[in-house]
Structure formats: structure tokens, C-alpha cells
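Please read the structure below before turning to the comments.
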Amino acid sequence: MQPRRIVLLGSTGSIGTQAIDVVDGAPHLFEVVALSAGGGNLGLLARQAVHTGAAAVGIASGDARQLQDLIAEAARLAGRPDYRPEIIAGPDASARIAAVEADVVLNGITGSIGLAPTLAALKSGATLALANKESLIVGGALVKAAAREGQIVPVDSEHSAIAQCLRSGTAAEVEKLILTASGGPFRGRTREQLHDVSPQEALAHPTWDMGLMVTTNSATLVNKGLELIEAHLLFDVPLDRIDVVVHPQSVVHSMVQFIDGSVIAQASPPDMRLPIALGLGWPDRVAKAASPCDWSRATSWTFEPLDATAFPAVDLAKDAAKQGSTFPAVFNAANEEAVLAFHAGRIRFTDIVDTIDAVLSEHPGSSELTIESVLDAEDWARTRAHERLAVSSL
């Protein structure tokens with residue numbers, strides 16, 4: 001059997017680097033044929049290109065000639081002086097790389113800029129291993145309409161867990177989806193105690209090592225709100241039948257409750273290589289993708305309800321999803337601007353979600369969901385967020 005041909009979008013990020021680890025561990029199953037990255041770490045991208053032997057390499061920004069030189073040097077050091085991949089540069093590079101002939105496209109880009117690559121991957125006919133939740137959230141019906149049944153495989157640990165649990169019953173037997181949340185670095189604090197936390201504290205996630213945006217979103221629980229919308233779109237379960245429960249140990253990644261009272265949970269030590277491997281190999285499992293729980297040692301798993309007063313982002317996301325149209329895109333865009341303002345020292349931590357709430361309350365919505373209306377709504381949300389943030393700056 002030939003290895004599956006893999007395209008990695010966002011290869012220099014956390015998801016992309018771990019995906020290469022998965023491929024390295026199962027070269028008989030996977031072969032990387034193309035890579036793309038934003039362009040902020042050309043040295044790493046060059047080394048990845050030589051290491052994987054990808055035929056095409058894309059960068060959204062940066063000097064294509066510099067990347068070419070770095071690849072040539074890395075190839076020389078690796079004893080592969082004849083390696084010369086096609087280099088694609090420009091803001092549409094990831095979308096063009098996503099269209100390369102492949103079996104699986106892993107979209108590990110962060111942010112709504114992943115929408116065009118997501119649509120390009122679906123159009124190509126490849127399986128889309130989706131770690132870029134924002135593209136599904138802001139694209140909504142657009143993405144769903146572009147995908148054939150079963151073409152999208154989730155890579156977020158929570159949604160990968162749900163996909164695994166759903167194999168225990170039929171769609172008609174599902175009563176509820178239960179997303180687990182670690183609670184982030186501020187679990188147990190009141191809203192008043194969150195007012196003056198620092199950017200450094202917000203980045204001190206107790207479980208996962210992620211980038212600035214995703215880690216901050218986990219601290220505000222905006223990330224869990226986005227995941228709730230994603231679960232609704234991926235699995236066609238009504239929003240009111242999706243719950244969030246806090247599970248600090250991050251071992252149970254999510255659960256499905258069935259109509260007979262059974263709850264099926266997926267448990268494993270926190271390691272993104274497991275859902276990445278499932279995304280690349282679905283529906284088959286990849287042997288030794290990650291380490292299992294150690295049942296020879298005593299351990300405790302705890303669960304507690306979400307404090308919606310201290311962390312209102314989940315309810316806010318649910319409301320945005322119920323309104324539909326471009327409201328989820330506005331939620332996401334306003335959050336991204338507020339997060340950057342927080343890390344620039346311009347606003348307080350609690351101002352992040354307050355800004356999202358305020359911008360959503362002013363959004364008129366759109367009568368039609370198109371790529372253009374999504375982009376227009378995001379531009380409007382970023383502008384309106386900037387205006388509000390300028391007024392509320394410290």
C-alpha cells in the first residue's frame with residue numbers, strides 16, 4: 001500500500017511540527033508532498049522542506065529568494081544538493097499549496113486566514129484534517145456546503161475525542177456532546193480577580209504549549225466558545241445539546257452522552273500527536289502515535305461546572321452561533337484584535353470578552369453568507385474593535 005500523500009499548512013507552528021513527528025514515526029503510512037507557513041521562521045521551514053522532501057513549499061510573506069537560499073544550504077548540509085522544491089510565495093500561497101494533489105490536507109494555520117486554504121483543500125477532493133477551527137466557524141455554511149460527507153476530520157483534541165466516541169452509537173442515539181475544558185491558568189478565580197491579571201499570567205497554561213492567540217483564548221475560554229461552535233457545525237448537534245465541563249487534568253478530552261444514559265469518554269495523556277495521527281490516518285489508528293495512560297499509578301480525574309459569570313465567553317459564542325450569518329466571524333475578529341491589545345498592554349484581561357460582547361451587540365449581520373460578506377464583517381469588526389479599544393485603553 002502506498003503511503004498517504006500529506007500537505008501540511010502551517011508547518012512551522014505547533015500543529016505542523018508535531019505532524020512531522022507523526023509522519024517520521026510512520027513513514028510507511030505517510031509522505032509529505034507540500035508545506036506552507038506564514039514566513040516568520042524561514043530557517044525552520046527550509047529544514048522541514050529538506051527533511052520531508054516536499055515537492056512544493058509556500059510562504060505567505062517573507063523573501064522567497066531568501067527561502068530558496070536557506071533550502072539550498074540545508075540541502076547541502078543534508079547531503080541532498082540536488083533538492084530544489086517549487087516555491088510559492090504570496091498571501092494566497094497556502095490556498096495554492098492546499099490545492100496540490102494529495103490524499104490529506106492538514107490545516108494547522110491559526111486564525112480565520114485559514115478559510116481560503118480550507119475551501120481550496122475541500123475543492124481539491126482531499127480529506128481535510130482540520131486544526132484551523134476558525135475557518136469552519138467563520139465560514140459556517142460555506143465550508144459545510146463545499147465538503148462531501150466525511151471529508152472533514154477534526155484535529156482539535158476535543159472534536160477528535162467526540163468523533164471517536166460517536167462511533168459507539170447512531171446519530172439518533174446521541175443526546176448530548178460534552179466538551180471538556182482545562183479551565184486555563186485562572187480556573188477558580190472570580191471576575192474581579194481576573195481584572196488585573198498580566199499577559200504573562202495568561203500565557204502560563206497548565207497543560208498545553210500553544211501560541212499567543214490560542215493560549216490567551218484558552219485563558220479567557222474564548223477557545224472553548226469557538227470549539228462549541230465547531231462541534232455544532234461538525235456533528236450537526238443543536239447548540240443547546242452541547243455542554244462544557246471543566247476538567248483540570250486534561251486527560252478526558254470530551255464525551256458523548258447517549259439517550260440510554262451512557263456516557264462514552266475518550267481519555268489519553270495530553271499529547272496533540274494522537275489527534276493529529278487520527279486526522280492523518282482516519283478512520284484508522286496509527287500505532288504508537290502517543291503514550292497511553294499509566295494504569296499502574298494511582299490518579300484522580302475531577303470535573304466541575306463552568307463559572308459562566310467569571311468566564312462568559314462560552315455563552316457569548318453560543319449566542320453568536322444562534323444568530324448565525326456573520327456573527328461568528330465578528331466574534332472571532334473582535335477577539336483577535338482585543339487579544340493583541342491586551343498583550344500590547346493597552347487593555348485589561350476582562351476587556352477582551354467585554355469588547356467582543358460590545359462589538360457583537362452593534363453588528364447588523366448579513367443577509368447572505370459569502371466569502372465577501374465574511375471578509376467585510378471581519379473588517380468591520382476589527383475597525384469597530386479598534387475604535388472601542390482606543391477609548392478603553394489603560
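The table below lists the values:
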| quantity | calculated |
| --- | --- |
| The range 4-154, dipole about Cα centre (Lys/Arg Cβ +1, Asp/Glu Cβ -1), debye to the nearest 20 | 180 |
| Normalised contact order of the chain, rounded percent, pairs of Cα under 8 Å and 6 or more residues apart | 14 |
| Computed helical MRE - 222 nm, the chain, DSSP H runs ≥ 4 contributing -39500 (n - 2.57), nearest 500 | -13500 deg cm²/dmol |
| Additional length obtainable on full extension of the chain from Arg148 to Ser198, 0.36 nm per residue less Cα span | 13.6 nm |
| For a label point 7 Å along the Cα-to-beta-carbon line of Lys322, residues of the range 219-263 with backbone N under 12 Å | 239-241 |
| Length gained when the stretch Ala141-Asp240 is fully extended (0.36 nm per residue, less Cα-Cα span) | 33.8 nm |
| Listed peptides 40-53, 367-380 by packing density, highest first (mean Cβ within 10 Å) | 40-53, 367-380 |
| Label-to-label distance, nm, for residues given as Glu387 and Ala72 (7 Å Cα→Cβ offset) | 5.1 |
| Lysine pairs meeting the criterion (Cα under 30 Å, 8 or more apart or interchain), as found in the chain | 21 |
| Inter-centroid distance (Cα atoms) of the range 13-86 relative to the range 242-272, Å | 36 |
| Inter-probe distance in nm under a simple model that places probes 7 Å from Cα toward Cβ, at Ser367 and Asp379 | 2.0 |
| Sites Ser61 and Val263, calculated FRET efficiency, Cβ-Cβ separation with R0 56 Å, nearest 0.05 | 0.75 |
| Separation between Cα centres of the range 134-213 and the range 288-334, rounded to whole Å | 5 |
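Values in this text are rule-based calculations from the coordinates and carry no lab data. Remember, predicted model here, so these are calculated numbers, not experimental data. Methodologically, a virtual Cβ is constructed for each residue, glycine included, from the backbone with ideal geometry; neighbour enumeration extends over all protein chains shown.
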